1. Residues of the range 227-248 being loosely packed, with under 15 Cβ neighbours inside 10 Å and either touching a residue at least 40 places away in the same chain (Cβ under 8 Å) or not charged (D, E, K, R) (or both), which ones?
2. Restricting to helices (runs of 4 or more DSSP H) lying wholly in the range 342-402: which have 2 or more residues that are of a type in the set (Ser, Thr, Tyr) and more than 19 Å from Leu301 (Cβ to Cβ)?
3. Looking at (1) surrounded by 14 or more Cβ atoms within 10 Å (Cβ to Cβ); (2) modelled with pLDDT under 95, can you tell me which one Asp495 breaks?
4. Among residues belonging to the range 277-321 that are surrounded by 12 or more Cβ atoms within 10 Å (Cβ to Cβ), of a type in the set (Gly, Ala, Ser) and assigned to a helix (DSSP H, G or I), point out the one that is modelled with the highest pLDDT.
5. Report every pair of residues separated by at least 6 positions or lying on different chains whose Cβ atoms are under 6 Å apart, first residue within the range 145-156 and in a helix (DSSP H, G or I), second open to solvent by 50 Å² or more (accessible area, probe 1.4 Å).
6. Let me spell it out: the conditions are (1) over 16 Å from Gln438 (Cα atoms); (2) open to solvent by 40 Å² or more (accessible area, probe 1.4 Å); (3) in contact (Cβ under 8 Å) with a residue 40 or more places away in the chain, and Arg502 meets all of them except one. Which number is the exception?
7. If Glu178 satisfies every condition in (1) open to solvent by 20 Å² or more (accessible area, probe 1.4 Å); (2) farther than 27 Å from Val245 by Cα but one, which is the exception?
8. Do any helices (runs of 4 or more DSSP H) lying entirely in the range 177-263 carry at least 1 residues that are over 30 Å from Cys141 (Cβ atoms) and in contact with a Leu (Cβ under 8 Å, 6 or more places away or on another chain), and which ones are they?
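The values are calculated or read from the model by the stated rules, or taken from the named source; none is laboratory data. Remember, predicted model here, so these are calculated numbers, not experimental data. Glycine gets a Cβ as well: all are built from the backbone with ideal geometry, and neighbour counts include every protein chain shown. Accessible surface is based on the protein model in full, side chains and every heavy atom, while ligands, DNA and RNA are left aside. Shrake-Rupley method; radii C 1.70, N 1.55, O 1.52, S 1.80 Å.
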Amino acid sequence: MAEIRLSSLGQGQTKFRNVPTALTQEGFWCCPSPAVFQNTIKAQNPLNKTKPSSPTPKTTVQKKQTPFNERKPPPTPLRSAVVSDDQRNRCSDTPGVSVSIVNERTPRLKIESLPRKVAIEFGEPGTSDMKVVLLGKQGFCVKLSVHKKVLEENSSFFANKLSEEESNLSCLEIDDCEDVEIYVETMGLMYCKEMKQRLIKQSVSRVLRILKFADLLSFNTCIQSCLEYLEAVPWVGEEEEAKVVSLVTRLQNEGIGVTPVLKRVFSNVANPSKDTISHIMELVLKSNEEKGRREIKSIVLKLLRENSSLPSYAGSSDICNEAIYSSCRICLNSLQSLFKKAAEPEFTDKPVNSKQTVVKQIALEADNLSWLLEILADRQAADEFALMWSSQQELTALHSKLPIVSRYHVSCITSRLFVGIGRGELLPSKDTRHLLLQTWLQPLISDYSWLQHGCRSFDGKVVEEGIGRTILTLPLQNQQTILLSWLGTFLKSGDNCPNLQRAFEVWWRRTFIRPHME
């Protein structure tokens, strides 16, 4: 806190400009902004240049009785309006300082000879029994006419300070005030009966500044009012929220009760609840409304990506992954059940509406699995999914029994896995990669023509590169087996089969050229 000491202000040491009625029954209702302080300094600076005036209009001559009407001050914000009105209607404490003297071309003074402090006096000197002088860092000071009783009742800091000094102490001087404007307003709040009504018109940033000084002065009533304000008012933006949390957390470390404010951002639960994440997943996965489902999937994916990028969330990562994999198993079981239903011989004899319902559910479950795979790939936790999908021999056996329009959605999942392995987003074991190719490459080839023409999000070039790179991660003998099988299919189907020529060329060079070169 700024140093407080006894002070006896010598005459001529500082020039004070009065701001009347600043201290009312409800407190300091007018509090100068830094701009007002600077304007006050400029107003008393004889070096302010004024252009030679042209012949004065008649209306101006008639108003020449009041010196400040001769030159209108520049427009200022609302808070400075009170000061500006006073400057126009009252003479300064130094009678010689007026615009009329400037017009008489007073000889220029050196900057070093000018008073460095220009002060604004608040309060009602006739009723106060004490003065507090705030010395700012910008070359000005503020003299407050206050009451000992009010300071002692509201601020334990002032109460302790006054008890240490003489009983007839009449002036305290506070050095190096960083924020004189807020210091004045905070002390003015000691005179407010309805402090909440005073704060309700302020911004969050200003209340935080008041709270900071209230804490320094141990002004407990003001601290409580500021906390009640912060608990109720919205915080706009992450930056403002961070400032509130930072200051309030510091107060909490000092033993001040701030729990209601922090409950907005902190929970009593140490880690995010697995049940909560599972519930969110369940709501998204069961939704049938296309637009809402698409938007929420995008939002959840983005938020989970942010969580996984922060070290502080590492403890909750396992909980989140468990919830995702639990949803994966539920969707996979549902997909298997739907495939079995669609593969039954009597399924073709069912009404069209019944068959369309099953087809839509298959597409929905496949889309759910694709979304969950995307989340796991972003979180670098999709290796287990690759193993889970590679082990679905029963599903691949049913795949060939379904019409292509009903089954092609599952090939999108296979494609995403190949792309992920090809990009290094997934690092499953050699056996898992080999099993994935053995189980799902042929079903993918069977659906490839439909995927190219009937699936907007399908990118054939990217998928072909992913398949080829996945094959090339296997031992050379496994590469040969898979690529020769592909070659026979490609020679028969052409464009209806993935083009793996690049992978074929790499395998060829590895097999027939490099051994001879070595």
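1. Within the range 227-248, Ala232, Pro234, Val236, Gly237, Ala242, Ser246 qualify.
2. Counting at least 2 such residues, we get 352-378.
3. So the condition that Asp495 fails would be (1).
4. Among them, the one singled out is Ser278.
5. Lys148/Asp129
6. Among (1) over 16 Å from Gln438 (Cα atoms); (2) open to solvent by 40 Å² or more (accessible area, probe 1.4 Å); (3) in contact (Cβ under 8 Å) with a residue 40 or more places away in the chain, the lone unmet condition for Arg502 is (3).
7. (2)
8. Those helices (runs of 4 or more DSSP H) span 220-232, 237-253, 259-262.
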